[in-house]
Amino acid sequence: MRGPDKNGHFGIYGGRYISETLMPAVIELEKAYKKWKVDKEFKEELKFYLQEYTGRPTPLYYAERLTKKLGGAKIYLKREDLCHTGAHKINNTIGQILLARRMGKKRIIAETGAGQHGVATATVAAMFGLECEVFMGSEDIERQKPNVFRMKLLGAKVTPVTSGSRTLKDAMNEALRDWVTNVYNTFYIIGTVAGPHPYPMLVRDFQSVIGKEARAQIQKQTGQLPDLLIACVGGGSNAIGLFHPFLNDDTVKMVGVEAGGHGLKGHFHAASISGGTPGVLHGNKTYLLQDRLGQIKETHSISAGLDYPGVGPEHAWLHDTGRVKYKAITDKEALAGFKTLTLTEGIIPALESSHAIAYAVKCAPKMKKSEIIIINLSGRGDKDLETVSKEFKFKL
Amino acid sequence: MAKVEKSTNTKKPGRLTTLFNRLKSRKRHALIPFISAGDPDMATTKELIYTLEKSGADIIELGIPFSDPMADGPTIQASYERALKKGATPGGVLKLVRNVRRHSEIPIVLFGYYNPILAYGLERFAKNAHASGVDGVLVVDLPPEEAADLKAALNAVGIDLIFLLTPTSDSSRMDRVARVGSGFIYFVSLTGVTGARVKLSNKIPSYVTKARRHTGLPVGVGFGISTPAQAAEVCKTADGVVVGSAIINIIANTRGKKRVLSEVGKFVSKLKEGVDRA
């Protein structure tokens with residue numbers, strides 16, 4: 001199974017639900033990507049920056065103490081937290097900024113939730129000397145202050161968004177409003193596998209380096225393919241990056257872990273697939289957290305990066321076809337996962353990635369010792385220390 | 001305002017086409033005010049529609065409130081938030097149109113985002129919109145590529161699906177939009193979101209001229225137009241002009257229903273003078 005089709009559809013999902021003003025821009029981007037992705041020089045340049053600037057390949061680390069503690073399947077961590085800027089987001093921003101340069105765009109905009117994508121965008125914009133503006137919900141600015149400061153240090157303008165729930169969804173609305181206004185000179189670097197076609201495909205392709213490396217590494221280290229892949233899913237870029245190169249390996253099971261917040265029964269979660277219904281937002285058809293009248297709901301997650309009412313259209317499709325299972329992990333479970341990894345392996349994970357850890361804590365003990373799990377450790381937890389210290393009632 | 005007979009036979013040209021034909025034969029232009037349905041409440045919106053008509057509006061554009069209006073500036077965003085807080089729903093908007101139709105036959109175009117219409121159900125929406133007396137529908141985030149299902153549902157009941165052209169539209173986009181659109185073409189005067197602007201783009205005449213090479217449909221121009229002088233300027237080349245945020249600002253900043261109605265009426269009368277000067 002392969003997607004998208006030529007109009008950007010993954011089954012009934014995806015597509016291009018945007019204002020006519022932006023249609024020529026996304027068509028231009030699609031054409032540029034088609035041209036450059038097969039260009040030898042582009043590929044070499046991308047490879048160079050991923051290797052020498054980002055620090056790829058990232059290790060696939062056997063988490064022996066965590067494995068022993070859980071007493072089941074062997075657990076490997078794909079260490080995206082070791083990427084420059086501290087998360088997988090930079091794999092995509094490097095790819096997109098190389099496209100932006102070839103398309104002659106002088107100004108870069110981005111939306112950000114946790115600030116990881118904003119930092120990754122501000123970083124590559126600084127490296128290439130391009131003007132950069134990042135839209136961020138005022139609520140997220142409050143809970144992710146270190147990343148706001150990093151973006152500012154990197155020379156980006158951080159614009160607070162005070163509409164709606166003041167989180168990632170509203171930041172994306174505002175970025176789209178900016179793009180429609182400055183469409184001629186501006187390149188919009190979307191950080192997740194959502195938005196109008198070709199973004200879900202483009203971001204997936206740039207993030208697939210995660211899965212390609214992991215697939216080669218696990219075979220080299222163990223001589224076999226993994227039995228289970230686990231990754232957290234907000235929009236779903238780190239998850240699709242890990243999953244995609246394994247989709248044709250029928251024996252490899254995959255679980256995307258959504259933000260269960262306070263639990264799926266109430267409104268305080270951000271699990272779009274587990275708790276949502278299909279609809280249209282931000283340029284694509286996908287699962288959304290919405291009321292029965294089609295108004296988008298406010299979401300909640302302890303991790304700003306998962307606090308989004310939608311999910312990438314390819315995930316929606318992979319869910320419907322049954323190829324990938326989607327499960328929810330609550331704030332509490334994620335915090336416990338955070339603690340477990342920190343204490344057993346000496347690795348402080350991002351709260352987003354802690355959702356994936358927490359799911360492994362649940363399922364690894366039920367699996368055979370000969371079985372193998374790969375968890376995508378999508379980011380490091382430095383940005384979350386303030387949130388976590390409050391939860392653990394620890395004074396910083 | 002006479003009581004209106006049951007309207008819109010699917011075989012007859014719709015109210016929009018009839019109106020533009022009539023205006024054309026008289027060398028006049030359409031004034032198209034936009035207001036959000038349900039801001040400040042549905043009862044006031046109904047009276048506002050009557051006021052707009054009395055003050056010279058030719059078509060009413062009625063916004064269906066949405067939680068995430070990506071194509072709108074702060075004025076309409078705030079207006080939608082107020083309307084949603086008061087419980088505005090797509091069903092409520094259709095009911096409002098049905099009520100308006102008891103006393104008015106002014107063409108009404110619903111302007112909105114796709115998700116609430118999708119959630120309502122496309123065929124159900126088309127059927128109920130027709131029964132209520134809606135003449136046209138414009139969905140900002142639904143380009144021709146994704147519009148086949150809604151187009152089919154609306155065609156079946158004789159409601160026009162109106163599409164946007166914009167300053168970024170090249171010839172191939174214009175042809176594509178011209179092929180599927182009906183009623184009129186809504187030309188977006190600028191690259192950007194809705195909202196009053198101090199200055200009008202001087203390129204509007206060339207946009208309209210270019211659009212006319214690709215479509216025989218009437219061309220209305222909107223986004224950023226907020227004064228009678230700007231409306232007059234636009235109508236030198238366009239068949240109609242849409243004014244939204246400037247009216248919504250009056251609604252938002254005026255106290256008391258009576259004064260809202262009279263201030264909006266005065267402003268729209270001036271817009272009408274501008275449109276008629278062109």
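Nearest 0.05, what FRET efficiency do B:Lys24 and A:Val38 give at R0 = 56 Å with Cβ-Cβ as r?
The pair B:Lys24/A:Val38 has a calculated efficiency of 0.60.
Excluding ligands, DNA and RNA, what is the solvent-accessible area per residue of the protein assembly as shown at a probe of 1.4 Å, expressed in Å²?
Numbers: 25570 Å² over 674 residues.
That works out to 38 Å² for each residue.
Treating the Cα atoms of the protein assembly as shown as identical point scatterers in vacuum, please give the log10 of the normalised Debye intensity I(q)/I(0) at q = 0.05 Å⁻¹, two decimals.
Rounded to two decimals, the profile gives -0.25.
What is the Å³ per residue value for the convex hull set by the Cα atoms of chain B? Provide the component values of the computation, followed by the final result.
Details: hull volume 31.8 nm³, N = 278.
So the per-residue Cα hull volume is 115 Å³.
Round to a whole angstrom and tell me the spacing of the C-alpha centers of segment A:244-271 and segment B:151-222.
42
Using the Kyte-Doolittle scale, find the helices of chain A whose mean hydropathy is at least 1.0 and whose Cα atoms extend 27 Å or more along the helix's long axis, counting only whole DSSP H runs. Don't skip to the end; give the middle numbers.
On the way: long enough: none.
The answer is none, since no helix passes both cut-offs.
If you take the accessible area of B alone plus A alone and subtract the pair, what total do you get in square angstrom, rounded to 100, with a 1.4 Å probe? Write down the numbers at each step before the final one.
Details: alone 12420 and 15860 Å², together 25570 Å².
About 2700 Å² of accessible surface is lost on pairing.
Restricting to segment B:28-277, compute how many DSSP beta bridges are antiparallel as a %, nearest 5. Could you put the intermediate results ahead of the total?
On the way: 0 of 27 bridges.
Here the antiparallel bridges make up roughly 0 percent for segment B:28-277.
Using a 1.4 angstrom probe on the protein heavy atoms only, line up A:His269, A:His262 by accessible area, largest first.
Accessible-area ranking of A:His269, A:His262, largest first: A:His262, A:His269.
Can you give the alpha-carbon Rg of segment A:266-396 over 2.2 N^0.38 Å, where N counts its residues?
Numbers: Rg = 16.1 Å, N = 131, 2.2 N^0.38 = 14.0 Å.
Taking the Cα Rg and dividing by 2.2 N^0.38 Å, one obtains 1.15.
Once Rh for segment A:1-102 is found with the Kirkwood sum over Cα pairs, what is the Stokes-Einstein diffusion coefficient at 20 °C and 1.002 mPa s, in µm²/s?
127
Could you order A:Lys220, A:Lys265, A:Lys369 by accessible surface area, starting with the largest, using a probe radius of 1.4 Å?
Numbers: A:Lys220 180, A:Lys265 210, A:Lys369 145 Å².
I get A:Lys265, A:Lys220, A:Lys369, largest accessible area first.
Just the number: Rg to Rh for chain A, Cα atoms, Kirkwood Rh, two decimals. Don't jump to the answer; show the numbers that get you there.
Numbers: Rg = 19.2 Å, Rh = 20.5 Å.
Taking Rh as the inverse mean 1/r over Cα pairs, Rg/Rh reads 0.94.
What's the carbon and sulfur percent of the protein assembly as shown's accessible surface, probe 1.4 angstrom, rounded to a whole number?
Values: 13380 of 25570 Å².
C and S atoms contribute 52 percent here.
What does the accessible area of B:Leu16 come to, in Å² to the nearest 10, when a probe of 1.4 Å is used?
For B:Leu16, solvent-accessible area is about 0 Å².
How large is the helix-only mean residue ellipticity at 222 nm for chain B, computed as the sum of -39500 (n - 2.57) over DSSP H runs with n ≥ 4, divided by its residue count, in deg cm²/dmol to the nearest 500?
Details: 12 runs with 131 residues, N = 278.
After summing the helix terms and dividing by the residues of chain B, the value is -14000 deg cm²/dmol.
Near A:Thr121, within a Cβ-to-Cβ distance under 11 Å, what is the net charge of the other residues, with Lys and Arg +1 and Asp and Glu -1? Don't jump to the answer; show the numbers that get you there.
Values: positive: A:Lys89; negative: A:Glu111, A:Glu133.
Result for the neighbourhood of A:Thr121: -1.
Return the Rg/Rh ratio of segment B:139-278 with Cα-based radii and a Kirkwood Rh. The partial results should precede the final answer.
Details: Rg = 16.3 Å, Rh = 16.1 Å.
Result for segment B:139-278 is an Rg/Rh of 1.01.
Across peptide A:9-19, what mean number of C-beta atoms from other chains lies inside 10 Å of a residue's C-beta?
On the way: counts 2, 0, 0, 0, 0, 0, 4, 5, 13, 8, 11.
So the per-residue partner count for this stretch is 4.
Efficiency by 1/(1 + (r/R0)^6): what FRET value for B:Val198 and A:Lys362, r their Cβ-Cβ distance, R0 = 45 Å, to the nearest 0.05?
Values: r = 59 Å, r/R0 = 1.31.
The value I calculate is 0.15.
Kindly flag which residue pairs out of A:Lys169/B:Lys151; A:Lys68/A:Lys362; A:Lys157/B:Lys85; A:Lys169/A:Lys253; A:Lys106/A:Lys212 have an alpha-carbon separation exceeding 24 Å in this structure.
Details: A:Lys169/B:Lys151 29 Å; A:Lys68/A:Lys362 14 Å; A:Lys157/B:Lys85 33 Å; A:Lys169/A:Lys253 30 Å; A:Lys106/A:Lys212 32 Å.
Check vs 24 Å cut-off fails for A:Lys169/B:Lys151; A:Lys157/B:Lys85; A:Lys169/A:Lys253; A:Lys106/A:Lys212.
The values are calculated or read from the model by the stated rules, or taken from the named source; none is laboratory data. Since the model is a prediction, treat every value here as computed from it, not as a measurement. Don't worry about glycine lacking a Cβ; one is built from the backbone with ideal geometry, like all the others, and counts go over all protein chains shown. Keep in mind that these areas ignore ligands, DNA and RNA; they rest on the heavy atoms of the full protein, side chains included. Shrake-Rupley method; radii C 1.70, N 1.55, O 1.52, S 1.80 Å.
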